[in-house]
Each structure stands twice: as C-alpha cells, then as structure tokens.
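Q: This is the structure I want to talk about, given as structure tokens.
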Amino acid sequence: ILSKPKQIGGQIKYYFKSRKRRLFWLVLLAVILAMFVRVPQSVLAPATIIAKDPVIITIPMEGVIETVFVKPEQHVIKGEILFDMDKRDLVNANELAQKELATATAKYKTAVQSSYQDIEKRADIQVLQAVMQEKKLEVDYTSHLIKESDVKSPINGIAVIDNPNQWFGKPVVTGENVMQVAIPDQIEMEIWLPVADAIHFAKGDQ
C-alpha cells in the first residue's frame, strides 16, 4: 500500500518533467522560426505630390513683375503668357533708340549725297554708318527685351505656383524662379526624412 503512492508520484513527477521539456522545445522552436519572419521597418513623414522633371520658369531680365496671369494648378497651353514684366522703361528706351536711329540714318544719307560734290564729306560716311548701325542694334535689343518681357509657357501643362499675389510689383533679378509648368501625368512623391529616421529603401518597397 505504501509503495503505490511512491510509484504514482514518480509517474506524476515524470509526466510534469516531460511536459516542461516538451514546452521548452516548442518555445525554442517558435523563437527560432520567429527569427526568419520578416518584420517590416516603417517611418512616418510628410509627403508632397510634385511634378517630375517640370519646366522651370525664370525671370528673363532684371526688373519688376507687372502681372501674373495664371493661378495655381491652372492648365496652360504652349505660347500662353504666364506673367509679364514692367515694360515702361524698355518702351521709352526703344522709342529713344528709334529716334536716334532715324537721326543717324538721315545724317548718313545726307553725307552720302554730299560726298558726290564734296570729297571731304566722304570721310564722315564710315563714322555715320557706324553710328547708324549702333542705333539699329539698340532698337533691335530693346525690341527683343520688350518681347521677352512677356514670359510664355514653353509647353502644354499645369502651372505650379504657390501664391501669385506675392509677385505683383516685386523687384526680381535675372534667373529667379517664379513658377513651374508640369506635365499632368508625370508626377512623383517628395518625402523628407530626418537623419535619425532614415531607413534603407529597395526598389519595389511600399
């Protein structure tokens, strides 16, 4: 009678040992398998949809912006005026150059006609011709600037500009970026990450 409880106790003790051992190996196996499970890295950051390879619209010359004709996200066509520069000084310079060209041309023609009778006048012809050519270059240059002061869209697309009102009457310098013209179906996402949150990205990652 006394030996049976010992024998039963031994079986119970062995049963518990066997169960603990089995549980240990299951946990160890689960840990090993968990090491092969891919845990994705993730980070939160603000993202902005921007144009891919947009056309940058810059200031063609130093001056003041007169009017911006487009609104943000407005569809524009090739050749449409986006904004223009103040032309008053250019127009005045062009008119003055035209008057000076007319005067130089008249003097040149008079010298040519007079040279047939007065040989000494022939020496002035080359000088007057040079002055006439110089004034013509001034007329052409100011006319070119007047034409360039109307900044047009080089392509069909969408105007990307933050606040058109901030450009009205603003003095600008040559090459200053005013807006972009983007092709609608060519976009990309811009995400800025702090250095501490930078993680490795492979092609195809979500």
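Q: Considering only protein heavy atoms and a probe of 1.4 Å, how much of the accessible area of the stretch 120-206 is carbon and sulfur, as a whole percent?
A: 55
Q: Label A198 and L137 with points 7 Å out from Cα along Cα→Cβ: what is the distance between them in nm?
A: So the label points at A198 and L137 sit 5.2 nm apart.
Q: Same structure, new question: Report the extension gain between I81 and A102 in nm, rounded to one decimal, defined as 0.36 nm multiplied by the number of residues separating them, less their alpha carbon distance. Please list the in-between numbers first.
A: Working: separation 21, 0.36 × 21 = 7.56 nm, distance 3.23 nm.
That works out to 4.3 nm of additional length.
Q: What nm value, rounded to one decimal, do you get for the distance between E190 and R38 when each label is placed 7 Å out toward the C-beta?
A: Placing both labels 7 Å beyond Cα along the Cβ direction yields 3.1 nm.
Q: Follow-up. Can you tell me the Rg and the Dmax, both Å, for the Cα atoms in the chain?
A: Considering the chain through its Cα atoms, Rg and Dmax are 40.9, 160 Å.
Q: For the chain, what does the helix formula give at 222 nm: sum of -39500 (n - 2.57) over DSSP H segments with n ≥ 4, over the residue count, nearest 500 deg cm²/dmol?
A: Estimated from H runs of four or more residues: -15000 deg cm²/dmol.
Q: What are the aspartates and glutamates whose alpha-carbon lies under 14 Å from the alpha-carbon of K52, with same-chain residues fewer than 8 places away excluded?
A: Counting by Cα, and skipping residues close in sequence, K52 has these aspartates and glutamates nearby: D185, E188, E190.
Q: Still on this structure: Under a 10 Å cutoff between Cα atoms, tell me which one of L145, L33, L137 has the largest fluctuation in the Gaussian network model of the chain.
A: Its mean-square fluctuation being the largest, the pick is L33.
Q: For the stretch 105-206, what does the accessible surface come to per residue with a 1.4 Å probe? Please give it in Å².
A: That works out to 74 Å² per residue.
The values are calculated or read from the model by the stated rules, or taken from the named source; none is laboratory data. It should be emphasised that the depicted structure is a prediction, and the values quoted were computed from it without experimental measurement. All Cβ positions, even for glycine, are placed from backbone atoms using ideal geometry, and neighbour counts span all protein chains on display. Note: accessible area is taken over every heavy atom of the protein model, side chains too, but ligands, DNA and RNA are not part of it. Shrake-Rupley method; radii C 1.70, N 1.55, O 1.52, S 1.80 Å.
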